[in-house]
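A.B. asks: Handing you this structure, nothing more for now.
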Amino acid sequence: MTRVLVVEDDPQLVRALKINLQARKFEVAEAGDGRAAIRLAADRKPDVILLDLGLPDMDGVDVIKSVRGWSRVPILVLSARHTSEEKIRALDAGADDYVTKPFSMDELLARLRAATRRQEDPASPAGITTDEFTVDLAARKVVRGERTVRLTPTEWHLLELLIAHPGHLVSQRRLLLEVWGPTYAEHTNYLRVYMAQLRRKLEADPSHPRYLITEPGMGYRFEP
Ligand code: CA
């Protein structure tokens, strides 16, 4: 049974989440504010945390920072549509993914399953194989069909970061910081250029990517 900690101060939403999650055999614990969330995250050791960012006593991002001090538990953020900056702060603080309110229960459950699956089955350090290409991290080699794909060091670094977190949104800021360094944190145009190059090399239809997905304004996701 997957144990989920629901952190949300809207009682109606908590009730709806609880009914749906319990119907799918999740064991649900609930917290209505940040302090209770941190305490329950430590006491109950949930398998995944569903976290609303707008809490009555503290900023949800501070809950993430606090929990990340001692736990790698997947954190899925619930966030209102107009606060994309907040979502980015949440991802940079260590959230694994987000769902925008209002969300469909199906979308939420799919994201929850993806988050817990990643936890059980962390990306193999050896690499990844898709229907289109194979990435061998140890040999630093990408093969598509019969031939080896040549990647520049920058393309390689980007691809490595994305496939290290399959299904997981990696923020623009994080990619820029890790690949180009702190002085380039705002240069999102670099990402657009290099992601387009990667897609041309790896995707069957680069204008409709299947594996290297853009989350507009937020970051990129490798869908295995
Ligand atoms: Ca709220």
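A.B. asks: May I ask for the angle, rounded to the nearest 10°, between helix 11-23 and the longest principal axis of the chain, with both axes built from Cα atoms and the value confined to 0 to 90°?
C.D. replies: That helix lies at roughly 70 degrees to the long axis.
A.B. asks: Taking the Cα atoms only, what angle lies between the long axis of helix 105-120 and the longest principal axis of the chain, rounded to 10 degrees?
C.D. replies: Compared with the principal axis, the helix lies near 70 degrees.
A.B. asks: Compute the long axis of helix 188-202 from its Cα atoms, compare it with the longest principal axis of the Cα atoms of the chain, and write down the angle in degrees, 0 to 90, nearest 10.
C.D. replies: Orientation of helix 188-202: about 60 degrees from the principal axis.
A.B. asks: Which far-off residues, 5 or more places away or on another chain, put their amide H under 5 Å from the one on Gly127, with H placed in the peptide plane?
C.D. replies: Leu137
A.B. asks: Something else about it: Using a 1.4 angstrom probe and counting only protein chains, how large is the accessible area of Ser84 in Å², to 10?
C.D. replies: Accessible area of Ser84: about 50 Å².
A.B. asks: For Tyr98, which sequence-distant residues (separation of 5 or more, or a different chain) have an amide H within less than 5 Å of its own amide H, given hydrogens modelled in the peptide plane?
C.D. replies: Distant-sequence amide H within range of Tyr98: Val77.
A.B. asks: Another question about this same structure. For the stretch 163-223, which GluC sites (Glu not before Pro) pass both filters: DSSP loop (anything but H, G, I, E, B) and at most 13 other C-beta atoms within 10 Å? Could the numbers behind the result be given before it?
C.D. replies: Numbers: sites: Glu178, Glu186, Glu203; in loops: Glu186, Glu203.
Those that pass, being in a loop and sparsely packed, are Glu186.
A.B. asks: I've got another one for you. Before I look further, what does the chain give for accessible area per residue, probe 1.4 Å, in whole square angstrom?
C.D. replies: Numbers: 11430 Å² over 224 residues.
With all protein chains present, the chain gives 51 Å² per residue.
A.B. asks: Say the dipole of the chain comes from +1 at the beta carbon of Lys and Arg and -1 at that of Asp and Glu; which of Ile128, Asn20, Val6 then lies farthest toward its positive end?
C.D. replies: Result: Ile128, furthest along the dipole toward the positive end.
A.B. asks: Based on the Cα coordinates of the stretch 3-120, what is the per residue volume of their convex hull in Å³?
C.D. replies: Details: hull volume 10.6 nm³, N = 118.
It comes to 90 Å³ per residue, whole-number rounded.
A.B. asks: Rounded, prolate or oblate for the stretch 127-222? Axes are the square roots of the Cα gyration tensor eigenvalues, ordered a ≥ b ≥ c, and the cut-off for rounded is a/c under 1.5.
C.D. replies: On the way: a/c = 1.77, a/b = 1.49, b/c = 1.19.
Prolate, because a/c is 1.5 or more and a/b exceeds b/c.
A.B. asks: How high is the relative contact order of the chain, given as a whole-number percent (alpha carbon pairs under 8 Å, six or more residues apart)? Walk me through the numbers before you get to the answer.
C.D. replies: Values: 345 pairs, mean separation 29.4, N = 224.
Dividing the mean separation by the residue count of the chain yields 13 percent.
A.B. asks: Which percent, to the nearest 5, of DSSP beta bridges fully inside the chain are antiparallel? The partial results should precede the final answer.
C.D. replies: Numbers: 18 of 37 bridges.
In the chain, approximately 50 percent of DSSP beta bridges are antiparallel ones.
A.B. asks: Can you give the longest run of the chain that contains no trypsin sites (Lys or Arg not before Pro) sitting in a DSSP loop with at most 16 other Cβ atoms inside 10 Å?
C.D. replies: Values: sites that count: Arg24, Lys25, Arg72, Arg81, Arg140, Arg150, Arg210.
After excluding every exposed loop site, the longest remaining stretch is 151-209.
A.B. asks: Computed over the Cα atoms of the chain, what is the convex hull's projected area averaged over all directions, in nm²?
C.D. replies: Numbers: hull surface 51.5 nm².
Approximately 12.9 nm², given one-decimal rounding.
The values are calculated or read from the model by the stated rules, or taken from the named source; none is laboratory data. Just so we're clear, the structure is a prediction, and the values are computed from it rather than from any experiment. Note that each Cβ is placed from the backbone with ideal geometry, even for glycine, and that neighbours are counted across all protein chains shown. Each accessible area value is taken on the protein alone, full model and side chains, heavy atoms only, with ligands, DNA and RNA left out. Shrake-Rupley method; radii C 1.70, N 1.55, O 1.52, S 1.80 Å.
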